[in-house]
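Asker: Take a look at this one; I'll ask things after.
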Amino acid sequence: MSSKPNDAVIDLDEQLLKEQEVGYTWEEEYKRSWDTLQEDENGSLQNAVATLNKKLKLKRKIKDKQASQRGLLRYCYIVFDCSTNTSERDLRPSRLELTLQVIEAFVLEFFEQNPLSQLGIIVVRDGLAKKLTELSSNPTDHIKALRDKQCRDPSGSMSLQNALLIAMNILRQVPNYGSREIFGILGSLTSNDPGDINQTISEIKNEKIRISIVQMAAEVQLFKKACTLTGGVFSVAMNEIHFRELVLNFIIPPPILLEMYNTHLVEMGFSIRVYDQIPTFCSCHHKLTLSGYLCPRCKSKVCSLPVICGVCQLSLIVSPHLSRSYHHLFPTISYKEISTPEVSINCDGCLDSLVNLKHNLSSGGSNFDSDTTRKHEDVFQCPNCKKNYCLSCDIFIHETLHNCPGCVNMSNSLQN
Amino acid sequence: MPSGTGKTISLLSLTVAYQNFYADKRKIVYCSRTVPEIDKALAELKRLNKYRNENGCPDEGFLGIGLTSRRNLCKVVDARCRSMTSPWVRARAQNNEPDIELCSLFENLSTSPESMLMPSGVYTMDDLRDFGGLKNFCPYYLARKMISVADVVIYSYHYMLDPKLNELVSHEFSKNSIVIFDEAHNIDGICIDSLSIDVNLDKLESSTRSVDRLIDIIADVKKNDASKLQEEYNILLEGLKESANARDNDMVIENPILPDDLLKEAVPGNIRKAEHFVLFLKRFVEYVKARMRVMHVVAETPSSFLQHLKEVTFIDKKPLQFCSQRLASLVRTLEINDLEDYWGLQKIASFATLISTYDEGFVVLFEPFESESSTVPNPILHLACLDAAIAMQPVVNRFDTVVITSGTLSPIDMYPKMLKIKAAVTESYTMTLTRSCFLPMIVTRGSDQVSMSSKFEVRNDPAVVRNFGFLLVEMSKVVPDGLVAFFPSYLYMESIVAMWNEMGILKLIYKNKLIFIETPSTAETSLALESYRKACENGRGAVLFSVARGKVSEGVDFTDNYGRAVIMFGIPYQYTESRILKARLEFLRENYQIRENDFLAFDAIRHAAQCVGRVLRGKTDYGLMIFADKRYARMDKRSKLPSWINSHISEEMSNLSTDMAVSSSKHFLKSMAQTFDQSLQLGTSLWSPEDILQRKKLKSN
C-alpha cells in the first residue's frame, strides 16, 4: 500500500497505469488482456469494467485488522545489499539505485508514522558489513548518509551473517521494551559467510530480534528461514512498484511477539519549545542556536525531536508524536459490506448517491440500464455508527483518515 | 507426473477399496523400486487404513506388510544368520550337541503357532522391527512368513521379476492376486538384468578354489559318513524334490531360470554322483578360463557356445541345465553354512544353467579389453539377455491382473511392445496444478545464436562447450540455492568440465555457487551430496554435476531449495558402441519391429525425463527444467516426453536462446516466490467432498 497521503485518492486509470508500469512494453510477455473481459447479454463491457474496478479497490481495502498490541517504540536496522549483484538492471534504474530511492522514501515515511522509533543503516559489500548510520530518529542524517557516493558503487559479494552480527550487537543493548528489528533489502542470492549463519540466526532469535527481508530476485531458503524463525516477513518483489509496496509495508509496526507480551511503563519527557533571544549551545550538536526544545528534567536544550536527551537520557517527545503513532494501535474498525437497501441512499462520506455512483464511474454509458447496476453496487456500513459509505470513501477513511467520521461525530454529540 | 502428487495413495486406495468390496479379497502385491520408496508406500497404506477405519470401513483382519532384504530387517548380525538358522544346525542343536549357537529370535518365531503371530494392521519397516522386538521374533522371517497371508504386500520388484527370488518368496501367491509395478519406467532394464550374468577372472578364480574345497569335503564325508551321499544319490535318482524345510530359510542356491523352464525329470546320470559332478564343474570352469584367454572380441549365440563346448570338453547340454539344481542339492547334503565363499561357483553354475536353457533372446559376448583404447586385458564374458519379455511373461501369465505404472511412462505404447504383453487398458493422465509450478524450457542456442547440442560431431566444439558453460553461469546467477546439472555420461562430463576449467567458466560459477560432482564411487557421491545439501541450507548455494542414469538421477530427490532448477545438457543416449546394446537393438528390430533410433530416443528421453523430474517433489514445490540441446525442439523427441511435462512446454519456450531463458527464469522464480495460499488449491487441484459429489453428478448426467 502506498502510504503517501496524496496517493490515497484512488483513480482507476492511475491504478491501471501503475500496474502496467512494470518495465518496457516490449520486454513484457504477450498478454491477451481482452480475453479476461466478458461481454454481458447486451454486448456491453460496462459490467466487466466495473467488476475489474471493484476488484482493484477491494484489493486495497485493508483486511480486517485485529486491534493488537504493536510495538510503537521500534529500534530498527536497515541492511541493504551493495554487492555486485545489485548492479543488475532488471529493476530499473538498477537494483541498487532503486533500493536507495525507496529507502529514502521509506525513511521519511517511517519517521512520519513512527515518530518514537529509531533507525540505523548497515551496508553490505565486498563480503563485509559496514554501519552507515547509528540508531537515531533524525531522518536527515540517514538520508545524507545514503546520498554519499560510496554506497552507489556496488562491489564484491554479500554476507548476511556479518550484517546480522553488527545489527545484533547494537540491538541487544537497546531497552527491552522496544521492538527490535532488522530489515534487509537484498539483491544477492547467496550469502558468503565467515561462520555458521544458522547459529547467528538462532542467537538473534534468542535476543528477540525480528528479521524481515525483501528480496529482489528470488526466494532463498536461508533468508526465508531467518524471517520465519524470528517472526518477520519474507517477500520477493515482482517489479519496481511491488518492491516499493513491500518496503513501505514495513512502516506499519509489527505486532508484539508473544513472549514479550508484558506491559512496561516508559519514562518520557514532553519537552517545551523555546525561542531564545541570544543563541545558546544545544546539547546535541554543541552549536549555537536560537530555537530548540528543553528537556523537562535537566533543562538542557536539543535541536530536534524526538530524541534521547544527551544529558539525562530521557526520551524527549511532544504529544503529536504519540498521537501520530496511535492509529496503529487502534485501527479504524472495518466496515461491513451490506446489500443495497431498496430506498436510495447517499454515501455519508462524499454525499454521492450510492445508486448513481456506477453511472459516474462509467461515464459515457448513457443508455445503460441503471436497474441492473443497482444490485451490484456495494455499500459499506460502519458497525458502530451505522453510517453508509461507498468503497472509495471506505478506503480513504482506512488508509488516510484513520477515524470513522460517523463515530467521531457521535462521540462529539454525546459530549455536548 | 512427479512424486509427491499422490500417485501411490490413489493406486492404493482404489485397489484396497476394490479388494474389500468383493468377497474373494484378492491379494494385492505392490512392487516398488527402492527401500525408501517401499517404506513410503507402507506409510501411505497405514494412513489409508486409518482413514478407512475412522470413516466406517473397518476391515477386520486387514494385514499390510512390507519385505526387504535381511540386511534391513535382521536384528542380529546378518552374516551369522545363516549359520544360526540352517536346518542341520538346528537339528544338531536338538540332538543336544554342545557349542551350537542358535538365533533365539528365529527359534521363537518357529515355535509359536502361526495364526497367533500378528494382529491386523499395516506394518511399516519400523513397526515391524518394533513388533519383532516386542515379541522376540525375527522381523525378517516374520515378514517372510506373513506375506503369504497378508492382504497387501509391498516389496521390491526383484522379488517378483527375478526368477531366483520369485521362486523363494512369491511362489505361494494365488493366481488372482493383483500385481502392481510402481515406478516401472525402467522395468525392461530390470527384467533383462535379472537374467544376465557377467563372468570375469575373479569369479573364475574363486570358483576354482571352491571346486577344490568341495573335492576335499567330499573325500572327507566319504570317509566318515558315506551313507549321506548315497542317500542323496537315491533322491536324485527319483527326480529332484525340494525338501520343504530347506525353503524356510533360504538354504538353497537359487535357480536362475524361470519355473516354467525347469525340467521335471531326474538329474542325468553323469552328474548324479557327487565326485562326478564336482569334476564336471571343474571341467566347465577350466573351459571358460580357456575361452577367456582369447584376445579378440567374440559374439555368438548360446547354441554355438554349447556346440564348441561339446567339441572341446564333451560336456552335454542336458547336465549343464541341471547345474545349479545339482549344486544346491550338493551344498545341502554337505551341510555347508558359509555360502558366501561359494558365490563365484554359484554364478558359474547359474551361467551354465542359463546358457543351456535359453537360446532365443540371449547372446554370449566376450570382451577381452575394457575399452577400445586400453591395452591391459580385463576379459569379461557376458551372457546378456536381450528380451525383457522373458522375465515378464511368467508374471503376466501367472497373475490375472498386472498393473504397470510410473510418473514417466512415455510413450506408453512402447512398453506393451517391449514386454510382449497385451495391455487391457492403457491410460495416461495429466496433472492439475493450481499454479504452474514448473517451467520446462528448451534452450537450443547460446546468446551468440550458435546452436547447442551434445551430438557426437559437435560435442567437443569449443563454441558448443562455451555456450553450455555460459548457460550454466547465467543460471547460477539467477537461480537461488540448489541447481543440478545432468550430463549424458561420465566421460562427457569429465571432458566438458576440463574444458570449462580452461575457459575460466568454473571460476565464474564459483562466484555464485559452490560446485560438487557425482562420481562412480558411492562414498564420494554421498559425501558430495551431503555437502551440496549443506551449501543449499546455509545460503551459499551450490551446483551439482551429475550424470543421467547415475545414482543421483534415479534415487535422489531434490526437494524445495535443494533443487530449484535442473539443467539437462544434451540428450542422454546410451553408449551406442556397446556391443550388448547393439545386439539388443538388433534383436528388438528383428523380433519386435522397433527401429533402433526409436528405441534409443525412447530410452534417452525417459532418462532425461527422469532427471528433470527430480526437481519437483509435490505440488507446493517449484522448479525450472531446462533441456539444453537443439534436438529437444524437434517433434520426434518432444513427443516422447511425458505428457505432464510436454503439455507445459509452451510454443515460445520451445526454442530459446540463453538470454531469453534467463529472463523467463527470472520472472518465473519471482512469481513462484510470492506467498502461496494453500486454500487456493481447493476446487482445482484439491477437491472437497462437495466437489467430488458435484463431479459425480455431472458424470452421471
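Asker: Taking residue B:674 and the conditions (1) surrounded by fewer than 18 Cβ atoms within 10 Å (Cβ to Cβ); (2) away from chain A (no Cβ under 12 Å); (3) in contact with a strand residue (DSSP E or B) (Cβ under 7 Å, 6 or more places away or on another chain), which numbered condition does it fall short on, given that it satisfies the others?
Answerer: For residue B:674, the exception is condition (2).
Asker: Report the residue count in region B:598-622 for those that are more than 24 Å from the chain's Cα centre (by Cα) and at pLDDT 90 or above.
Answerer: Let us first name the residues in region B:598-622 that are more than 24 Å from the chain's Cα centre (by Cα), namely B:619-622.
Narrowing the set further to residues that are at pLDDT 90 or above leaves B:622.
The number of residues fulfilling the criteria is 1.
Asker: Could you check region A:164-194 and list, in sequence order, the residues that are touching a Gly at 6+ places or on another chain (Cβ under 7 Å) and under 18 Å from residue A:232 (Cα atoms)?
Answerer: Within region A:164-194, A:178, A:179 qualify.
Asker: Could you tell me whether any residue of region B:543-552 is assigned to a helix (DSSP H, G or I) and not charged (D, E, K, R)?
Answerer: First, the residues of region B:543-552 that are assigned to a helix (DSSP H, G or I): B:551-552.
Cutting the leftovers down to not charged (D, E, K, R) gives us B:552.
Yes.
Asker: Does residue B:517 qualify as being over 20 Å from the mean Cα position of the chain (by Cα), farther than 26 Å from residue A:225 by Cβ and assigned by TED's automatic domain parsing to the domain that holds residue B:481?
Answerer: Numbers: over 20 Å from the mean Cα position of the chain (by Cα): yes; farther than 26 Å from residue A:225 by Cβ: yes; assigned by TED's automatic domain parsing to the domain that holds residue B:481: yes.
Yes, satisfied.
Asker: List, please: which pairs have Cβ atoms under 6 Å, are six or more places apart or on different chains, and start with a residue in region B:285-307 that is outside any helix (DSSP H, G or I) and end with one that is surrounded by 15 or more Cβ atoms within 10 Å (Cβ to Cβ)?
Answerer: B:295/B:368; B:297/B:367; B:298/B:366; B:299/B:365; B:300/B:364
Asker: Could you tell me whether residue A:159 is in contact with an Asp or Glu (Cβ under 9 Å, 6 or more places away or on another chain), within 14 Å of chain B (Cβ to nearest Cβ), in contact (Cβ under 8 Å) with a residue 60 or more places away in the chain and under 20 Å from residue B:540 (Cα atoms)?
Answerer: On the way: in contact with an Asp or Glu (Cβ under 9 Å, 6 or more places away or on another chain): yes; within 14 Å of chain B (Cβ to nearest Cβ): yes; in contact (Cβ under 8 Å) with a residue 60 or more places away in the chain: no; under 20 Å from residue B:540 (Cα atoms): yes.
The answer is no for residue A:159.
Asker: Would you check if residue B:555 is within 19 Å of residue B:665 (Cα to Cα) and either more than 14 Å from chain A (Cβ to nearest Cβ) or in contact with a Leu (Cβ under 8 Å, 6 or more places away or on another chain) (or both)? Before you say what the answer is, go through the steps one by one.
Answerer: Working: within 19 Å of residue B:665 (Cα to Cα): no; either more than 14 Å from chain A (Cβ to nearest Cβ) or in contact with a Leu (Cβ under 8 Å, 6 or more places away or on another chain) (or both): yes.
So residue B:555 fails the test.
Asker: Look at residue B:610 and say whether it is part of a helix (DSSP H, G or I), more than 14 Å from chain A (Cβ to nearest Cβ), within 25 Å of residue B:184 (Cα to Cα) and not basic (Lys, Arg). Steps first, please.
Answerer: On the way: part of a helix (DSSP H, G or I): yes; more than 14 Å from chain A (Cβ to nearest Cβ): yes; within 25 Å of residue B:184 (Cα to Cα): yes; not basic (Lys, Arg): yes.
Against the criterion (part of a helix (DSSP H, G or I), more than 14 Å from chain A (Cβ to nearest Cβ), within 25 Å of residue B:184 (Cα to Cα) and not basic (Lys, Arg)), residue B:610 qualifies.
Asker: Could you list, in sequence order, all residues of region B:308-352 that are under 16 Å from residue B:203 (Cα atoms) and either more than 29 Å from the chain's Cα centre (by Cα) or of a type in the set (Lys, Arg) (or both)?
Answerer: Answer for region B:308-352, where residues must be under 16 Å from residue B:203 (Cα atoms) and either more than 29 Å from the chain's Cα centre (by Cα) or of a type in the set (Lys, Arg) (or both): just B:347.
Asker: A further question follows. Any residue in region B:619-635 that is β-branched (Val, Ile, Thr) sitting within a Cβ distance under 9 Å of a residue that is part of a helix (DSSP H, G or I)? List the pairs, counting only those 6 or more apart or interchain.
Answerer: Every condition considered, the pairs that remain are B:620/B:560; B:620/B:678; B:620/B:681; B:626/B:471; B:626/B:475; B:626/B:612; B:626/B:661; B:626/B:665.
Asker: While we're on this one: Quick one: which of A:274, A:266, A:247 is more than 14 Å from every other protein chain (Cβ to nearest Cβ) and assigned to a helix (DSSP H, G or I)? Quick ask: steps written out before the conclusion?
Answerer: Numbers: A:274 fails: assigned to a helix (DSSP H, G or I); A:266 fails: assigned to a helix (DSSP H, G or I).
Just one listed residue meets the conditions, A:247.
Asker: For region B:137-244, please list each of the helices (runs of 4 or more DSSP H) lying entirely inside it that holds at least 3 residues being open to solvent by 50 Å² or more (accessible area, probe 1.4 Å) and over 30 Å from residue B:362 (Cβ atoms).
Answerer: Working: elements: B:139-146, B:158-161, B:163-169, B:187-194, B:201-224, B:226-238.
Fully inside region B:137-244 and qualifying: B:201-224, B:226-238.
Asker: Hey, among the residues in region A:178-210 that are part of a strand (DSSP E or B) and within 13 Å of another protein chain (Cβ to nearest Cβ), which one's nearest to residue A:98 (Cα to Cα)? Spell out the reasoning first.
Answerer: From region A:178-210, those part of a strand (DSSP E or B) are A:179-186, A:209-210; that's our starting set.
After this cut, where a residue has to be within 13 Å of another protein chain (Cβ to nearest Cβ) as well, the list is A:184, A:186.
On the way: A:184: 14, A:186: 12 Å.
Top of the filtered list is A:186.
Asker: Looking at this structure, is residue B:63 under 22 Å from the mean Cα position of the chain (by Cα) and open to solvent by less than 20 Å² (accessible area, probe 1.4 Å)?
Answerer: Details: under 22 Å from the mean Cα position of the chain (by Cα): no; open to solvent by less than 20 Å² (accessible area, probe 1.4 Å): yes.
Spelling it out, it is not the case that residue B:63 is under 22 Å from the mean Cα position of the chain (by Cα) and open to solvent by less than 20 Å² (accessible area, probe 1.4 Å).
Asker: Right, something else. Looking at (1) among the small types (Gly, Ala, Ser); (2) within 14 Å of chain A (Cβ to nearest Cβ); (3) touching a residue at least 12 places away in the same chain (Cβ under 8 Å); (4) open to solvent by 30 Å² or more (accessible area, probe 1.4 Å), which one does residue B:665 not meet, given that it meets all the others?
Answerer: Condition (4) is where residue B:665 drops out.
Asker: Select from region B:677-688 the residues that are assigned to a helix (DSSP H, G or I) and either open to solvent by 90 Å² or more (accessible area, probe 1.4 Å) or within 11 Å of chain A (Cβ to nearest Cβ) (or both) and list them in ascending order.
Answerer: Answer for region B:677-688, where residues must be assigned to a helix (DSSP H, G or I) and either open to solvent by 90 Å² or more (accessible area, probe 1.4 Å) or within 11 Å of chain A (Cβ to nearest Cβ) (or both): B:678, B:680.
Asker: Just name the residue that is farthest from the other protein chains (Cβ to nearest Cβ) out of those in region A:211-241 that are assigned to a helix (DSSP H, G or I) and open to solvent by less than 20 Å² (accessible area, probe 1.4 Å).
Answerer: Taking region A:211-241 as the starting set, the residues that turn out to be assigned to a helix (DSSP H, G or I) are A:221-230, A:240-241.
Okay, now just the ones that are also open to solvent by less than 20 Å² (accessible area, probe 1.4 Å), so A:222-223, A:226-227, A:230.
On the way: A:222: 3, A:223: 7, A:226: 9, A:227: 12, A:230: 15 Å.
Among them, the one singled out is A:230.
Asker: If you don't mind, another one. Counting just the residues of region B:443-477 that are within 14 Å of chain A (Cβ to nearest Cβ), open to solvent by less than 10 Å² (accessible area, probe 1.4 Å) and not hydroxyl-bearing (Ser, Thr, Tyr), which one comes out nearest to residue B:510 (Cα to Cα)?
Answerer: Step one: list which residues in region B:443-477 are within 14 Å of chain A (Cβ to nearest Cβ), which gives B:473-477.
With the extra rule that they be open to solvent by less than 10 Å² (accessible area, probe 1.4 Å), the set shrinks to B:473, B:475-476.
Now drop any that are not not hydroxyl-bearing (Ser, Thr, Tyr), which leaves B:473, B:475.
On the way: B:473: 9, B:475: 12 Å.
By that ranking, first place goes to B:473.
Asker: Same structure again: Quick test for you: out of B:465, B:484, pick the one residue that is outside any helix (DSSP H, G or I), touching a Lys or Arg at 6+ places or on another chain (Cβ under 9 Å) and in contact (Cβ under 8 Å) with a residue 12 or more places away in the chain.
Answerer: Details: B:465 fails: outside any helix (DSSP H, G or I).
From the options B:465, B:484, the qualifying one is B:484.
Asker: Those residues that are within 26 Å of residue B:437 (Cβ to Cβ), of a type in the set (A, V, I, L, M, F, W, C) and open to solvent by 10 Å² or more (accessible area, probe 1.4 Å), I need them from region B:539-590; list them, please.
Answerer: Hit for region B:539-590 is B:556, nothing else.
Asker: Condition test on residue A:171, is it more than 10 Å from every other protein chain (Cβ to nearest Cβ), buried (at least 19 other Cβ atoms within 10 Å of the Cβ), more than 18 Å from residue A:110 (Cβ to Cβ) and within 23 Å of the chain's Cα centre (by Cα)?
Answerer: On the way: more than 10 Å from every other protein chain (Cβ to nearest Cβ): yes; buried (at least 19 other Cβ atoms within 10 Å of the Cβ): yes; more than 18 Å from residue A:110 (Cβ to Cβ): no; within 23 Å of the chain's Cα centre (by Cα): yes.
When the stated conditions are applied, residue A:171 does not pass them.
Asker: Turning to a different aspect of this structure: I'm trying to understand the selection: among the residues of region A:75-116, which are buried (at least 24 other Cβ atoms within 10 Å of the Cβ) and basic (Lys, Arg)?
Answerer: A:95
Asker: Take the residues of region B:527-537 that are within 13 Å of chain A (Cβ to nearest Cβ) and surrounded by fewer than 23 Cβ atoms within 10 Å (Cβ to Cβ): which is farthest from residue B:574 (Cα to Cα)? Give the derivation first.
Answerer: Filtering region B:527-537 down to residues within 13 Å of chain A (Cβ to nearest Cβ) leaves B:533-537.
Then drop every residue that is not surrounded by fewer than 23 Cβ atoms within 10 Å (Cβ to Cβ), which leaves B:533-535, B:537.
On the way: B:533: 29, B:534: 32, B:535: 32, B:537: 34 Å.
Across region B:527-537, the extreme among qualifying residues is B:537.
For every residue, the table says whether it meets (1) open to solvent by less than 70 Å² (accessible area, probe 1.4 Å); (2) in contact with a Leu (Cβ under 6 Å, 6 or more places away or on another chain); (3) within 20 Å of residue B:607 (Cα to Cα).
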| site | (1), (2), (3) |
| --- | --- |
| B:619 | yes, no, no |
| B:623 | yes, yes, yes |
| B:626 | yes, no, yes |
| B:629 | yes, no, yes |
| B:633 | yes, no, yes |
| B:637 | yes, no, yes |
| B:654 | yes, no, yes |
| B:659 | no, no, no |
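Asker: Restricting to region B:512-526, and then to whatever is surrounded by fewer than 19 Cβ atoms within 10 Å (Cβ to Cβ) and assigned to a helix (DSSP H, G or I), can you tell me which residue is nearest to the other protein chains (Cβ to nearest Cβ)?
Answerer: Out of the qualifying residues, it is B:526.
Asker: Restrict the check to region A:175-182 and report whether at least one residue is within 23 Å of the chain's Cα centre (by Cα) and among the aliphatic types (A, V, I, L, M).
Answerer: Within region A:175-182, one or more residues are within 23 Å of the chain's Cα centre (by Cα) and among the aliphatic types (A, V, I, L, M).
The values are calculated or read from the model by the stated rules, or taken from the named source; none is laboratory data. None of the values given here were measured: they were computed from a predicted structure. All Cβ positions, even for glycine, are placed from backbone atoms using ideal geometry, and neighbour counts span all protein chains on display. Please note that ligands, DNA and RNA were not included when accessible areas were found on the heavy atoms of the full protein model with its side chains. Shrake-Rupley method; radii C 1.70, N 1.55, O 1.52, S 1.80 Å.
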